[in-house]
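Shown next, in structure tokens, is the structure this report addresses.
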Amino acid sequence: MALPFFFKGKNQILNRCRDDSVTGMRLKYAPYYRVIDAQQGPRITVGGRDMIMLASNDYLGLSFHPRVIEAGRDAMLKWGASPTGARSANGSRAYHVELEERLAAFLGREACHVHSAGYLSCVASVATFAQKGDVILADKNIHSSLWDGIRLSLATCERFSHNNAADLRDIAASLSPAAPKMLVVEGVYSMEGHIAKLPEIIGVAKEHHCFNVLDDAHGFGVLGRQGRGTLDHFGLNGDVDILCGSLSKSLGSTGGFVAASRDVIEYMRTHSKQTIFSASLSPSQAACALAALDLMQTEPRHQERLWASTRRYRDMLHGLGLDTWGSETPATPIVLGSKERVYRFWQALLEKGVFTVMAIAPAVPPGKDLIRTAISAMHTDEQLDRIADAMAYAVKKL
Ligand code: PMP
């Protein structure tokens, strides 16, 4: 008997879930959503085995710093577990204001707003300010959160080749000078580890009077004085209208921020759905981020160690003949070129107790299937040696 139309509709959606090739791949290879049973910095336990985490974004290793942990615990005792509401309603606390003021001052901006996820900060940074009729010029390798912001904005989007100012110039020159334009780029591209060529790209954007949005999730804490990020690295501070990022990487917490002029932040607070209708950052998230920001400013050894270990790690990979896609930062891909090679390499590393993440097309361009790795300042010399042994083993297995 034929199903009534409403049953068909439901089944069509359920079948999408059942047939999804990603789900199939997950069941076959099981590389994603792996549960870590215990952790102490980069030392983790997975399925009863002692392993080294080589895929986290805890660049400065601050998520396990005693002062960060203590700050998070104290904040929970003082404020409870959650603000249980949006900033616009019942969820604004003094600790939000303190973190925002500290971040704004650190980044040389008039104002800042924090969200409970970097993803929200990035969506809001684009979706709130561009609208139908505007043109967004976006690097084709930007993060999914920025793509979501672009789609929500209803603006037209023109993609330029990754990190290519000449392509941006050609595309911008073909557009109507009258259309409001927004540039959307990252400071450090997390899959590739590339530093954006900001002087050239921002130079073109300025010629075309673009409103510039920079997501510096992976440059913050890593580049620039005391970790002020990619703009500071290039000495470009005033040339971006919105600087957004995440608290879940170098700051070892979770959450996100948007730093800009006071007008821009006020407009976001009154017009952005992500900002108005989502519960605010929890006390422990904010307190951990604040403590980590203090450490970034007072303990330069974390950033120094991060870079020393990154250089050592990258030299080791190159010594083994591995392709790191020209990565210039601690986010270090190992490009292997096919899903099968990536899987074999990933499994060999797992066998040797090194935890990494596979990134395969369409998450990366075809032929660029890779293992994503990232160094943390917390990796010890002994762990870096073990990682080197595991890499040599995986190369042999390949
Ligand atoms: N932007 C970039 C470039 C990212 O890599 C990420 C997270 N991987 C985000 C934004 C979102 O940040 P969060 O994980 O804090 O939501």
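The values are calculated or read from the model by the stated rules, or taken from the named source; none is laboratory data. Since the structure is predicted, the reported quantities are computational estimates derived from the model, not experimental observations. We place every Cβ from the backbone using ideal geometry, glycine too, and count neighbours over all the protein chains shown.
Per-residue answers, yes or no, for (1) part of a loop (DSSP other than H, G, I, E, B); (2) in contact with a strand residue (DSSP E or B) (Cβ under 6 Å, 6 or more places away or on another chain); (3) touching a residue at least 24 places away in the same chain (Cβ under 8 Å):
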{"position": "Gly337", "(1), (2), (3)": "yes, no, yes"}
{"position": "Glu340", "(1), (2), (3)": "no, no, no"}
{"position": "Ala348", "(1), (2), (3)": "no, no, yes"}
{"position": "Pro362", "(1), (2), (3)": "yes, no, no"}
{"position": "Thr373", "(1), (2), (3)": "no, yes, yes"}
{"position": "His379", "(1), (2), (3)": "yes, no, yes"}
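Taking region 244-261 only, how many residues are more than 12 Å from the ligand (Cβ to nearest atom) and either without any contact (Cβ under 8 Å) to a residue 40 or more places away in the chain or under 25 Å from Ala287 (Cβ atoms) (or both)? So that I can check it myself, show each step before the final result.
Keep residues of region 244-261 that are more than 12 Å from the ligand (Cβ to nearest atom), which gives 259-261.
Among the residues that remain, those that are also either without any contact (Cβ under 8 Å) to a residue 40 or more places away in the chain or under 25 Å from Ala287 (Cβ atoms) (or both) are: 259-260.
Going through region 244-261 one residue at a time, the tally reaches 2.
Can you tell me which residue in region 278-309 is surrounded by the fewest Cβ atoms within 10 Å (Cβ to Cβ), limited to those that are among the hydrophobic types (A, V, I, L, M, F, W, C) and over 21 Å from Glu100 (Cα atoms)? Let's see the steps before the verdict.
Just the residues of region 278-309 that are among the hydrophobic types (A, V, I, L, M, F, W, C), to begin with: 279, 281, 286-293, 295-296, 306-308.
Narrowing the set further to residues that are over 21 Å from Glu100 (Cα atoms) leaves 306-308.
On the way: Leu306: 25, Trp307: 16, Ala308: 13.
Going through the qualifying residues, I end up with Ala308.
Looking at region 147-164, which of its residues are small (Gly, Ala, Ser) and more than 16 Å from the ligand (Cβ to nearest atom)? Steps first, please.
Taking region 147-164 as the starting set, the residues that turn out to be small (Gly, Ala, Ser) are 149, 153, 155, 161.
Scanning region 147-164 gives Ser153, Ala155, Ser161.
Taking region 94-127 as the region of interest, how many residues are over 20 Å from the mean Cα position of the chain (by Cα), farther than 17 Å from Asp294 by Cα and in a helix (DSSP H, G or I)? Steps first, answer last, please.
First pass over region 94-127, keeping only residues over 20 Å from the mean Cα position of the chain (by Cα): 94-98, 101-102, 105, 108-111.
Narrowing further to those that are farther than 17 Å from Asp294 by Cα: 94, 109-111.
Next, only the ones that are in a helix (DSSP H, G or I) stay: 94.
Total meeting the criteria: 1.
Outside the structural domain of Met191 (by TED's automatic domain parsing), closer than 29 Å to Gly229 by Cα and outside any loop (DSSP other than H, G, I, E, B): does that describe Glu328? Quick ask: steps written out before the conclusion?
Numbers: outside the structural domain of Met191 (by TED's automatic domain parsing): yes; closer than 29 Å to Gly229 by Cα: yes; outside any loop (DSSP other than H, G, I, E, B): no.
No; evaluated as a whole, the condition is false for this residue.
I need the helices (runs of 4 or more DSSP H) fully contained in region 128-231, keeping only those with at least 3 residues that are under 18 Å from the mean Cα position of the chain (by Cα). Steps first, answer last, please.
Numbers: elements: 144-153, 165-173, 198-207.
Filter on region 128-231 gives 144-153.
Please find, among Arg49, Arg34, the residue that is in contact with a strand residue (DSSP E or B) (Cβ under 7 Å, 6 or more places away or on another chain), surrounded by fewer than 16 Cβ atoms within 10 Å (Cβ to Cβ) and not β-branched (Val, Ile, Thr). Walk me through how you get there before you give the answer.
Details: Arg49 fails: in contact with a strand residue (DSSP E or B) (Cβ under 7 Å, 6 or more places away or on another chain).
Going through Arg49, Arg34 in turn, the sole match is Arg34.
Here is a list: Ser144, Ser174. Which entry is within 16 Å of the ligand (Cβ to nearest atom), surrounded by fewer than 22 Cβ atoms within 10 Å (Cβ to Cβ) and of a type in the set (S, T, N, Q)? Explain how you work it out, then say what you get.
Values: Ser174 fails: within 16 Å of the ligand (Cβ to nearest atom).
On inspection, the qualifying residue turns out to be Ser144.
Do any residues in region 274-293 that are among the charged types (D, E, K, R) have Cβ atoms under 7 Å from those of residues that are surrounded by fewer than 24 Cβ atoms within 10 Å (Cβ to Cβ), where the two are at least six apart or on different chains, and which pairs are they?
Pairs found: none.
Pairs under 7 Å by beta carbon, first residue under 16 Å from Phe211 (Cβ atoms) in region 156-184, partner at pLDDT below 95 and not acidic (Asp, Glu), six or more apart or different chains?
Pairs found: none.
Read through the list (1) in contact with a helix residue (DSSP H, G or I) (Cβ under 9 Å, 6 or more places away or on another chain); (2) part of a helix (DSSP H, G or I); (3) under 15 Å from His65 (Cβ atoms), then give the number of the only condition that Arg269 fails.
The failed condition is (3).
Residue-wise test of (1) closer than 24 Å to Leu370 by Cβ; (2) crowded, with 22+ Cβ neighbours inside 10 Å; (3) at pLDDT 95 or above; (4) within 12 Å of the ligand (Cβ to nearest atom).
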{"residue": "Lys206", "(1), (2), (3), (4)": "no, no, yes, no"}
{"residue": "Asp215", "(1), (2), (3), (4)": "yes, yes, yes, yes"}
{"residue": "Leu223", "(1), (2), (3), (4)": "yes, yes, yes, no"}
{"residue": "Asp232", "(1), (2), (3), (4)": "no, no, yes, no"}
{"residue": "Asp241", "(1), (2), (3), (4)": "no, no, yes, no"}
